[in-house]
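Reviewing the structure listed below.
Quick note: the coordinates plus some simple rules give every number you see, no bench work behind them. None of these values were measured; they are calculated from a predicted model. Cβ placement follows ideal geometry from the backbone for every residue including glycine, while neighbour counts extend to all protein chains displayed.
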Amino acid sequence: MHEVEYKSSGVPLETYELARGDHRRQKQGEETSQWAQRQIDEDIAKCRADPARAERRRQAFEEAAKLMRSFKKADHEIMRWRIRLYCGHIVEKQAHYTYADPVSAGVGSERCDECKGKQSTIVAFEPIGLRAEPPKLTVPMPPPPPKKPTRAELERRVKALEEENERLRAKLTTG
Ligand SMILES: [Zn+2]
């Protein structure tokens, strides 16, 4: 796991004076989401008129959902961010840990639940922390030291050697 230097922008929990750039980005964001909503509405209308199209669309969504599930990340790979939105609400968002800030993770604006899902530009953010601690690297255990023979074992071995000695000597004298 490589180290990422997480960035902050302002202090989300402190009062924030909206800048000209914030107003501009908010306006662009609203226009984009209105445009996207129109596309969706048109598509829904077309699907209503054409059941085959609706079925294709349903399958495409299912495939996409399956793909998303396969990308599911472990908790320690998810960074939590405290984000201040244009509307003034504070929300928490999550992004893959490799992103140094939520904006580069592709989150330029968010739907604010408290504003009935209205799209709101991010004006300040700070990292909270990973969703879970990364797992500790497991150091392989050294193999156990060879077991020392017990006294009884040594005595047995000595006795066996003595017996063998005895046998050989007897063989020599007789042979
Ligand atoms: Zn809001």
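Couple of notes before you dig in:
- Options TRP81, TYR97, LEU168, ranked by Cα towards positive dipole end of the chain, top entry (Cβ charges): LEU168
- Between 0 and 90°, nearest 10: helix 151-174 axis offset from the chain longest Cα axis: 40 degrees
- Cα-centred dipole magnitude for the chain, charges only on beta-carbon of K, R (+1) and D, E (-1), debye, nearest 20: 660 debye
- With R₀ set to 45 Å, the beta-carbon distance separating SER8 from MET141 gives a calculated FRET efficiency near 0.65.
- At R0 = 35 Å, FRET efficiency that the Cβ-Cβ distance of ALA65 and GLU17 yields, to 0.05: 0.30
- Label-point separation in nm, ARG48 to ARG131, each point 7 Å along Cα→Cβ: 3.6 nm
- Interchain or long-range residues, amide H under 5 Å from SER120's placed H: GLU110, ARG111, CYS112
- Rule-of-thumb Rg ratio for the chain [Cα; 2.2 N^0.38 Å; N residues]: 2.24
- Calculated from backbone phi, Karplus (6.51, -1.76, 1.60) coupling profile of the range 69-78 in Hz, x at Gly/Pro: 5, 5, 8, 3, 9, 5, 4, 6, 9, 10
- The relative contact order of the range 20-130 comes to 28 percent, based on Cα pairs under 8 Å that sit 6 or more residues apart.
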